[in-house]
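**Q** Here's a structure for you.
The values are calculated or read from the model by the stated rules, or taken from the named source; none is laboratory data. Remember, it's a predicted structure, so these values are computed and weren't measured experimentally. Every residue, glycine among them, receives a Cβ derived from its backbone with ideal geometry; neighbour counts consider all protein chains shown.
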Amino acid sequence: MINFQYARAADVADAVRQIAADPKAKFIAGGTNLIDLMKEDVERPTLLIDISRLPLKTVEETAGGGLRIGALVPNFDLAYHPLIEKRYPLLASAILAGASQQLRNMASTGGNLLQRTRCAYFYDTATPCNKREPGSGCSAIKGLNRIHAILGASDACIATHPSDMCVALVALDAKVHVTGPAGARAIAFADFHRLPGDTPQIDTSLRPNEIVTAVELPAKGFAKNYSYLKIRDRLSYAFALVSIAAALEIEGGKIKEARLALGGVAHKPWRDPAAEAALRGQAANEAAFTRAADALLRDAKGYEHNTFKIELARRGIVRTLTQAARGTPQSQSSKKIA
Ligand SMILES: Cc1cc2nc3c(=O)[nH]c(=O)nc-3n(C[C@H](O)[C@H](O)[C@H](O)COP(=O)(O)OP(=O)(O)OC[C@H]3O[C@@H](n4cnc5c(N)ncnc54)[C@H](O)[C@@H]3O)c2cc1C
Ligand code: SF4
């Protein structure tokens, strides 16, 4: 039995004060990842600061025409929010491709960003893992690495970020709003998650004692030409081997703007400006989509059991861009159950 304290945060300032007072404290929102990690003895917080009752559960329109999503909006509510369904269906599709209805009811927007890798060695405290125990080694590099990274990995860690929602958010150019002892700041979504380098234990650019308060979407939602494709070992309740978020703005048969992001392939949701540049100004056809896939995967590297992901990603990119261009997105995985 490992003891820990539990406290409720009264407001955001109180949450920041409490976490700054105890270096081993952790916030808990929906608890769908943190509690599992505590049960497996991977996380050992001395204090759980319950932020689930903070008033961060609204979706509000911003002056710039976008939306501000509170960090505690549950994944279920967000996916079925009328403004998200209408203006950002790419985000709704990505959320609905993740987890299960029950989990999406509990999982929060902020918690989804901060969920940890699904590398089996990270969860197995009997094996070396640099992310769990810095300096102990990486069991996956020469071990079972079927689900691991093909882009941006390092000699210290080849884990992937497991979120679906974050793949859509990076494609949509979202921003993460955070508050800490030094005040509030906003982080571009593409800079929020980091590559492992020599410090794979650090997943994000969130500073110690900062809380995520909101995610902001810009006005542009690509509601006409988008698709989110998730390829996994079984159709539900499984993390992505590869997932692809594609969004296009097409004028007169030519691509005016393109967004392309991948999940399940790197330590962070992967977006590559070179692949998007390869699409801009081109006719929306298979040749252009293949060139974009080649650009995105130019530095891809497989390990013993996951080389198949490179070709899977290549074909997935072409298919998802084709669906986006035709306006026939991959169908959502779940129907709303009242
Ligand atoms: C069986 C299973 C299958 C799943 N399948 C998928 C899937 O297919 N796709 C997918 O995307 N996800 C999947 N998930 C993950 C799920 O989406 C996440 O567990 C969930 O989004 C985490 O949100 P939470 O509110 O429960 O976070 P918690 O578990 O409460 O917290 C997670 C982490 O975030 C921190 N945190 C939470 N909120 C904040 C905040 N506002 N500011 C700062 N830190 C914060 C906590 O301290 C903790 O470290 C699955 C989970 C399970 C258990
Ligand atoms: S890939 Fe990363 S999380 Fe997995 S064992 Fe290696 S260091 Fe740990």
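**Q** Among the numbered conditions (1) assigned to a loop (DSSP other than H, G, I, E, B); (2) within 16 Å of ligand 2 (Cβ to nearest atom); (3) charged (D, E, K, R), tell me where residue 44 comes up short.
**A** Answer for residue 44: the failing condition is (2).
**Q** Suppose the filter is within 16 Å of ligand 2 (Cβ to nearest atom) and either closer than 19 Å to residue 116 by Cβ or surrounded by fewer than 21 Cβ atoms within 10 Å (Cβ to Cβ) (or both); does residue 204 pass it?
**A** Working: within 16 Å of ligand 2 (Cβ to nearest atom): yes; either closer than 19 Å to residue 116 by Cβ or surrounded by fewer than 21 Cβ atoms within 10 Å (Cβ to Cβ) (or both): yes.
Yes: the conditions hold for residue 204.
**Q** Has region 282-293 got at least one residue that is under 27 Å from residue 144 (Cα atoms) and touching a residue at least 24 places away in the same chain (Cβ under 8 Å)?
**A** Yes, because at least one residue in region 282-293 is under 27 Å from residue 144 (Cα atoms) and touching a residue at least 24 places away in the same chain (Cβ under 8 Å).
**Q** Here are some residues: 320, 307. Which one is surrounded by fewer than 20 Cβ atoms within 10 Å (Cβ to Cβ), within 23 Å of the chain's Cα centre (by Cα) and β-branched (Val, Ile, Thr)? Steps first, answer last, please.
**A** Values: 320 fails: surrounded by fewer than 20 Cβ atoms within 10 Å (Cβ to Cβ).
Of 320, 307, the one residue that is surrounded by fewer than 20 Cβ atoms within 10 Å (Cβ to Cβ), within 23 Å of the chain's Cα centre (by Cα) and β-branched (Val, Ile, Thr) is 307.
**Q** Could you count how many residues in region 6-41 are farther than 30 Å from residue 88 by Cβ, in a loop (DSSP other than H, G, I, E, B) and not charged (D, E, K, R)?
**A** Number satisfying all stated conditions: 3.
**Q** Tell me which of these residue 236 doesn't satisfy, since it passes every other one: (1) buried (at least 19 other Cβ atoms within 10 Å of the Cβ); (2) of a type in the set (S, T, N, Q); (3) modelled with pLDDT under 95.
**A** Among (1) buried (at least 19 other Cβ atoms within 10 Å of the Cβ); (2) of a type in the set (S, T, N, Q); (3) modelled with pLDDT under 95, residue 236 violates only (1).
**Q** Moving on to the next point. Taking helices (runs of 4 or more DSSP H) that fall entirely within region 65-162, which contain at least 2 residues that are among the aliphatic types (A, V, I, L, M) and touching a residue at least 12 places away in the same chain (Cβ under 8 Å)?
**A** Counting at least 2 such residues, we get 75-79, 82-87, 89-96, 101-106, 109-114.
**Q** Only residues that are polar (S, T, N, Q) and surrounded by fewer than 24 Cβ atoms within 10 Å (Cβ to Cβ): list them for region 147-184, please.
**A** Listed by number, the residues that qualify are 154, 179.
**Q** On to the next question. Within region 303-318, identify whether any single residue is touching a residue at least 24 places away in the same chain (Cβ under 8 Å), closer than 19 Å to residue 221 by Cα and not in a loop (DSSP other than H, G, I, E, B), and answer yes or no.
**A** Checking region 303-318: not a single residue is touching a residue at least 24 places away in the same chain (Cβ under 8 Å), closer than 19 Å to residue 221 by Cα and not in a loop (DSSP other than H, G, I, E, B).
**Q** Could you run through region 126-146 and say how many residues are buried (at least 16 other Cβ atoms within 10 Å of the Cβ), in contact with a helix residue (DSSP H, G or I) (Cβ under 8 Å, 6 or more places away or on another chain) and within 17 Å of residue 304 (Cβ to Cβ)?
**A** 5
**Q** Run down 170, 178 and say which single residue is farther than 25 Å from residue 299 by Cα, outside any loop (DSSP other than H, G, I, E, B) and either free of Cβ contacts under 8 Å to residues at least 12 places away in the same chain or more than 7 Å from ligand 2 (Cβ to nearest atom) (or both).
**A** 178
**Q** Shifting gears a bit: Within region 217-232, can one find any residue that is surrounded by 23 or more Cβ atoms within 10 Å (Cβ to Cβ) and within 16 Å of ligand 2 (Cβ to nearest atom)?
**A** Checked region 217-232: no residue is surrounded by 23 or more Cβ atoms within 10 Å (Cβ to Cβ) and within 16 Å of ligand 2 (Cβ to nearest atom).
**Q** Against the conditions (1) part of a strand (DSSP E or B); (2) under 18 Å from the mean Cα position of the chain (by Cα), where does residue 249 fall short? Just the number, please.
**A** (2)
**Q** Taking residue 287, is it at pLDDT 95 or above, surrounded by 19 or more Cβ atoms within 10 Å (Cβ to Cβ) and hydrophobic (A, V, I, L, M, F, W, C)?
**A** It is false that residue 287 is at pLDDT 95 or above, surrounded by 19 or more Cβ atoms within 10 Å (Cβ to Cβ) and hydrophobic (A, V, I, L, M, F, W, C).
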